[in-house]
Structure formats: C-alpha cells, structure tokens
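Student: Questions regarding the structure given below will be posed in turn.
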Amino acid sequence: MPRPPGKMPSPTALRRSSGGLRTPLSRRTLLRGGASLAGLAGLSACGAPDPNAVRYGSRSTEAIPKEAFDNVFAAFKAETGLTVDVNATDPNTYQEQINSYLQGNPDDVFAWFAGFRARFFEDVGLAAPMTHIWDEVGDNFTDAFRTACQNEAGQEIVLPFYYYPWAVFYRPSVFEANGYSIPENLSDFESLCEDMQDTGLNPIAFGAADGWPQMGTFDYLNMRINGYDFHIELMAGQQRWDSEEVKAVFEQWKDLLPYHQEGALGRTWQEAAQSLQQGESGMYVLGLFVNQQFAEGEDREDLDFFNFPEFNPSIGAGAVEAPIDGFMLRNDPENPEGADELLRFLASAQAQQIYVDTDPQIAANVETDTSGYDPLQIKSAELVANADNISQFMDRDTRPDFAATVAIPELQRFLANPEAITDITSSMQAQAESIFG
Amino acid sequence: MSTATVTKDPEVRVAQKRKLTPTRVLLYVFLTTMAVAWLFPVFWAAYNSFRDYAYTAQNGYVSFGGFTLDNYAKAWADGNFAQLFLNSAIITIPAVIVTLFFSTMAAFVLARFSFWFNLPMLILFTAANLLPQQALLIPLFRMFREVGMLDNYLSVIVVHIAFQTGFCTFVLSNFMKALPQSLTEAALVDGASVWRQYWQIILPLCRAPLAALGVLQVTWIYNDFFWAVAFLTSGDKFPITSGLQNLRGQFFTDYNLLSAGSIMVAIPTIVIFFVLQKQFVSGLTLGADKG
C-alpha cells in the first residue's frame, strides 16, 4: 500500500467519514479513574472542630523544646481535660510562612514573639487582643514584660512564655588564667581588649554571615550611647537614621572593630562561637542560645556572661536586650473557651515551670520556682529582673521588612567598609522613610 | 558482563596497550580533578554525618574521630522522617503518574494528528514552561483559599501536574513524531479506535522517554518544597525536603545531624535514578533525531 503524504486525518474527519468513533474509555476505566480521584480528595482531612481540643500552632520541632511542650500539654490535659492538637512547623519555615499561615486557617493559639513584630498581625485583624486573659494573669509578669506585649493602643496581644538575654559571653577559665576582670565601662572594656590582643587572643568573636547577629551589637551600642528611649523610637521609625546620634553609634563601632574577629562577613555565629569555645577569642556578644554550641557538662559549665558595659555614666547600663517568646490568639478562634483555657494555663507558673525543667530557658512568670535553674539561667533571670528596660532585638523591635531588607545589608555594608558611615546612614534613612511612610 | 569477557574484548586490549602521551596524562589529571571537585562536598557531608557535633566543635572539621551513628537515628526521629517520607510519596507518586498520563495523551494528539491548533498548543505548552512559578504564587494561593483547598495535598499535586505537563508534552510529542506513521495507519486499517492506537500501539513504544521523564519528574517534584510550603500549613503534612528544616533550630544548627538528614533525603532519588538508569540514558537521546 502506498504511503499517503502527511499525517493521519483528525478524529473529527474520521467521524465524518466512518460515522462515529467508539468511546475511547470503557466504563471500568472510568470507574477506576473516579475511584482514584475520590481517594485523592479523601487525603484532605476535614472535620467539625472538636469542643474538647484546642489547636496550637507550634514552632518547636527540635527534640528538647518539643518534649518540653509535650509535657506542658500533658499537664494541661490532666488539669482541664482538654487536648491540645499541636501543629508543629520548624522555626525557620514557620517564620517565613507566618503571613500565609495566618491568612489560611491558623490554629487558635499560635507561637510568636513580643514587640513590634506582633503588632502587625493584630493591626490587620489576623490576631486578637487578649486583655481578658491579662486581667486575670497580669500579676505574673513585670511591667516591662507587659509593655513589650502590648499593641500601640495599650492592649495586650501577646502572652509571654520565656525569654533569653543578650550579653557578653566569656570563658571564666580564660579570664582566670590571664587575670582579666569584668569590665564595668568603656575604658575598662577597651583596655581589656588590648590586654587580650597582647596575649595573642582575639578579643571579640564576631560572625555576621547570618545577617542578624550583628544587630545585637548595634542595639547594645545604641542603647548604651543614646539610651533606651532613643533606641526604641529609632526602631519605630520616629527618629532619624542619619542623625548625629546614630552616626555616633557607628563611629564608636568603627573604633571597636579592630578588636573584633576579622572577616566576620564570611563567618556564621556558630563558627564565631567555636572560636570562643576553642579559646581563640576572649568574648562574644550574643544571646544565651550560644550555650547550645557548647556540649553539656564541663564544656558548658565553663561559660559565663556579663552585662554589656556602660559607655556613658548619664545613661548607664540598665537597658538589657532580652527577646521574649510567647503566644498569640487567633482572631475569631474555633474554640474560644478552650483557647482562653490554654492561654490561662500557659501563663501559670506551673506550666512555665514544667517547660523550663526540660528546655533551659528562663520563664517569664515571676512566680516560677528558680531552684532548678543552672547558674546561667539564674544569672539571666537576675540580669533581666534588675533591668530598667527590656528591648526585644532589632528584628522584633522594628518592622520585619525594615530589618530584613534594609538593616541586614546596610550593617553588612558597614562591616565591609566602616568608612562609609555618612553614606550608610543617609541610605538607611531614605529607605526607612519609604518603609515607615 | 563478567570481567573475563571484558579482557578478551579486542578493543579493550588495544586501549590497555595505548601509550600514555602527555595529552592523555593531562586529560586524566583534568578529569580526576573535576571528579574530585564534584564529589568532594558529597563525601564531606557523608563523612561528617557519621561524626559527633561536640567532637567537631572542639577539634574543628579537619580532624579524624568522634565517629557515631547517632546522627542518623536522631535525624530520623527528630525530623519526623517516617511521616514526611510518606507525605512526599503521597505528593510525588500521583503527581508523576498523572503528569505522564496527561502529557502522553496531549502529545499523542499533537504529534499524530493534524489539527490547526497543534502548533499553537505546542507553543503554549513550551512557553508556559518559561513562566516563573513564583509569579503565580499569589493568585494560586488566593484561588485555593477561596475554594478551601489550602492545607490539602491535592492543591500541591494539582499545581505540580499543571506545571510539569507542558514540559513532558513537549518532549513526548517530539518522540512520538519520530515514530513511523505506518504503525498507526496499519492499526487504523484494522479498525483500531483512537484510544486503542494510543494505549496499545504508541504508549508501549514510549517506555524509554517515559522512564527518562519519570526520573526527572520524580526528582523535581520530590525536591520541590516551594509549593508545599506555600499551600500546606500543617507541619505533619510537609514533604521530606522540609524535614531537613526540622533538623535546624531557631538559632543553633547541628550541621553533622543535618548532613545525616540530607544523605537520607537524597537516597530515594538516587535509587530511582539507578533503577531507571538504562532507560534514562537511552530516553534522553531517543527523541533527539527523527529516525
């Protein structure tokens, strides 16, 4: 048979000539396809809310915090008979996803931070105020905590659970061997750094590759040089970044940079902490979580901290950076009574005690029994209890979009080129204006 | 093939006797360097996945010792890997099967019939491949929110199918065009319906490109967590790729543990590749020429 040119005729052409096609799909195939589609749809679990359960959105997926929360929720069940349905997402994804998570079908109670970073979600109606809970449990927390948990109208929107302070960490064994003493003010601090350099020690461990650790140094310098109020106003967009005050902070930082570990932009905080661990660096300005780098036991016991020293006697060293982690309440929760019950329980000394027994954080509730604390926890609690003011860390005290898109790259630019202060501060001001409006 | 037959092969014997010229030495040096450069990070991760974090923190990574298997057990338990592997299977298997099924059907019609819309359709399928997926994130998110399909595997599966069908159709239609027309003509003369021509004549011949696409699709869909993170909100529904995030803390990351997790997560794609390796290699070139 000679091969006709071109392709086969189309099925419609075929139908015209031969009077119709046979059904391409048999009934059995159709049924099979339908069944598998139904199976797919069944993958979505949908049900009416259970009145005996409270849904909780958790960002604790690591072994220790997870176990600590499990213990807390077991106690909650024993107390109230209510089950907590935990929806745990790892902390990094949780933070990146928070916007879409809250716009979807969020859990009734969800983990979040105190400070400016909480207000946005309450502002846009994704989270609800919890003044009715605070009216009952407010005495458990200091006024500094209450302020940190309020929105701009003065309503409480966050329930604090635990916190960790930022400070200057060091190895007591290194200080002892070299006869160093804890610096009280700037000149002590500078001479300590010089002593360390003389003995071949790198004075201040420093890693800026993660983007955020250097914010802690900026926060402390700003609070020590310009005071807490100025710092908070600057973070809220009410002070100018190109002001003389901010420039003074960068100038001071520039003077201290020679004492910092070189090449910080290529180093993560864990690598910087490692240099403290291995005795190459003398001090490190970081949060209490630095202790996770040190193995439990002897290694971790040889770690201590002191408050960031005073730079100006008229301002003092009363402001402490201590980010607070806590809970927020979803707007229009599915089980409002259960959610309130859970929040009330989480505010109690009992619940916070159970938590810190497993995960060595510092409980926010002042009634919590501290007898089980390790020395660093006790010291942290004292530092924060004696603080005049508590700041929350730059990325929680300012708008997240300012922290991520402006502060991180500009601070890194400063570390790469400390001479460009005027340029950096005016660029930050211009961007702050466009973000804060 | 046994080693005995290899040495008897005349060509191989010639190769063994070939003189080592300076160019050849240079070639070997270059190839060895490249191979080491590519493999080093993988072996480095594998090596450190068997070491204790406390040991490497004390002694640095350039050291020897601190060996343990704990990282694997811990990663499996802490990362909730059993559940997340299952989730990945729930997303990947239907998505790949349906994608391949749809694209073979589309490719069959586009390649074997001459409709006026064949070319525009093919252009559309190819062009849609060039569209950045991120651009569609917000409209898709809003759409799924409206119809209540957020936090549902189906939304992720459907989006994967929609995005992958274009590429598969393009590849398959090129392959099917290369198959002789006489095959289906003969079937047509014998009274085979269009479905039968597709199902019993063309599809069995597509085994090689289907295997190749299968490997690629499994790897792409399995490795993706952009859509999963966008549409799923329950931590226990996430695919395994996000399980690696479970191994990172808010601040502290045990990189040895993370290496152990990464090795485990990489295993399924490697297994799929080796199982389908033969078809994969032949499938890649099969559609390339019009035979």
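The values are calculated or read from the model by the stated rules, or taken from the named source; none is laboratory data. Bear in mind that the values here come from a model prediction, so they are computed numbers and not experimental data. In this analysis, Cβ positions are derived from the backbone assuming ideal geometry, glycine residues included, and neighbour counts consider all displayed protein chains.
Student: Scan segment B:48-61 and give yes if some residue there is away from chain A (no Cβ under 13 Å) and under 30 Å from B:D151 (Cβ atoms), otherwise no.
Tutor: Looking for residues that are away from chain A (no Cβ under 13 Å) and under 30 Å from B:D151 (Cβ atoms), one finds none in segment B:48-61, hence no.
Student: Now for a different question. Tell me, yes or no, whether segment B:257-266 has at least one residue that is among the β-branched types (V, I, T), at the interface with another protein chain (Cβ under 10 Å from one of its Cβ atoms), in contact with a Leu (Cβ under 8 Å, 6 or more places away or on another chain) and crowded, with 21+ Cβ neighbours inside 10 Å.
Tutor: The answer is no; no qualifying residue exists.
Student: Step by step: first the residues of segment A:104-116, then only those that are within 14 Å of another protein chain (Cβ to nearest Cβ) and within 12 Å of the chain's Cα centre (by Cα), then the one that is farthest from B:S155 (Cα to Cα). Which residue is that?
Tutor: A:F113
Student: Condition first: surrounded by 13 or more Cβ atoms within 10 Å (Cβ to Cβ) and either under 32 Å from the mean Cα position of the chain (by Cα) or not in a helix (DSSP H, G or I) (or both). Now tell me which residues in segment B:49-60 satisfy that.
Tutor: Across segment B:49-60, the qualifying residues are B:S49, B:F50, B:R51, B:D52, B:Y53.
Student: Any idea which of (1) facing another protein chain (nearest Cβ under 9 Å); (2) free of Cβ contacts under 8 Å to residues at least 12 places away in the same chain; (3) not in a helix (DSSP H, G or I) is the one B:A192 doesn't satisfy?
Tutor: Failing condition for B:A192: (1).
Student: Hey, another quick one. Tell me the helices (runs of 4 or more DSSP H) entirely within segment A:332-437 that contain at least 3 residues that are out of contact with any helix residue (DSSP H, G or I) (no Cβ under 8 Å at 6 or more places or on another chain) and free of Cβ contacts under 8 Å to residues at least 24 places away in the same chain.
Tutor: In segment A:332-437, the matching helices (runs of 4 or more DSSP H) lie at A:375-385, A:421-436.
Student: If you don't mind, another one. Within the bounds of segment A:277-289, is there any residue that is of a type in the set (A, V, I, L, M, F, W, C), in a loop (DSSP other than H, G, I, E, B), buried (at least 16 other Cβ atoms within 10 Å of the Cβ) and in contact (Cβ under 8 Å) with a residue 12 or more places away in the chain?
Tutor: Checked against the condition, which is being of a type in the set (A, V, I, L, M, F, W, C), in a loop (DSSP other than H, G, I, E, B), buried (at least 16 other Cβ atoms within 10 Å of the Cβ) and in contact (Cβ under 8 Å) with a residue 12 or more places away in the chain, segment A:277-289 yields no hits at all.
Student: Could you give every pair whose Cβ atoms fall below 8 Å, whose first residue belongs to segment B:95-122 and is among the charged types (D, E, K, R), and whose second residue is modelled with pLDDT of 90 or more, counting only separations of at least 6 or pairs across chains?
Tutor: Listed by first residue and then by second, the contacts come to B:R112/B:M176; B:R112/B:Q197; B:R112/B:I202.
Student: Does A:N365 qualify as being closer than 30 Å to A:T83 by Cβ, at pLDDT 90 or above and out of contact with any Asp or Glu (no Cβ under 8 Å at 6 or more places or on another chain)?
Tutor: Here the answer is yes, as A:N365 does meet what is asked.
Student: Return the only residue of A:E271, A:E296, A:E244 being surrounded by fewer than 20 Cβ atoms within 10 Å (Cβ to Cβ), under 24 Å from the mean Cα position of the chain (by Cα), without any contact (Cβ under 8 Å) to a residue 24 or more places away in the chain and in the same structural domain as A:D219 (by TED's automatic domain parsing).
Tutor: Just a single option satisfies the conditions, and that option is A:E296.
Student: What single numbered condition from (1) surrounded by 16 or more Cβ atoms within 10 Å (Cβ to Cβ); (2) outside any loop (DSSP other than H, G, I, E, B) fails to hold for A:K254?
Tutor: (1)
Student: Applying the selection to segment A:149-169, what residues are crowded, with 23+ Cβ neighbours inside 10 Å, among the hydroxyl-bearing types (S, T, Y) and over 12 Å from A:L376 (Cα atoms)?
Tutor: A:Y163
Student: Specify the residue that is surrounded by the most Cβ atoms within 10 Å (Cβ to Cβ); the eligible residues are those in segment B:173-184 that are at the interface with chain A (Cβ under 10 Å from one of its Cβ atoms) and closer than 16 Å to B:V109 by Cβ.
Tutor: Among them, the one singled out is B:T184.
Student: Restricting attention to helices (runs of 4 or more DSSP H) lying wholly within segment A:144-226, give those where 3 or more residues are of a type outside the set (S, T, N, Q) and more than 21 Å from A:I315 (Cα to Cα).
Tutor: A:172-178, A:186-198
Student: For segment A:91-116, give me each residue that is of a type in the set (A, V, I, L, M, F, W, C) and not in a loop (DSSP other than H, G, I, E, B).
Tutor: Passing the criteria: A:I98, A:L102, A:V109, A:F110, A:A111, A:W112, A:F113, A:F116.
Student: Which condition number does A:V84 fail, the rest of (1) under 18 Å from A:D325 (Cα atoms); (2) of a type in the set (A, V, I, L, M); (3) outside any helix (DSSP H, G or I) being met?
Tutor: That leaves (1) as the condition not met.
Student: OK, next. Can you find even one residue in segment A:352-368 that is in the same structural domain as A:P213 (by TED's automatic domain parsing) and buried (at least 23 other Cβ atoms within 10 Å of the Cβ)?
Tutor: no
Student: Hey, can you tell me all the residues within segment B:212-246 that are crowded, with 22+ Cβ neighbours inside 10 Å, in contact with a Gly (Cβ under 7 Å, 6 or more places away or on another chain) and part of a helix (DSSP H, G or I)?
Tutor: Result: B:A212, B:G243, B:N246.
Student: How many residues, within segment A:136-161, are closer than 20 Å to A:A385 by Cα and among the small types (G, A, S)?
Tutor: Residues flagged as closer than 20 Å to A:A385 by Cα and among the small types (G, A, S) within segment A:136-161 amount to 3.
Student: May I ask you to verify whether B:S103 is in the same structural domain as B:N223 (by TED's automatic domain parsing), under 30 Å from B:F238 (Cα atoms) and in contact with a Cys (Cβ under 6 Å, 6 or more places away or on another chain)?
Tutor: yes
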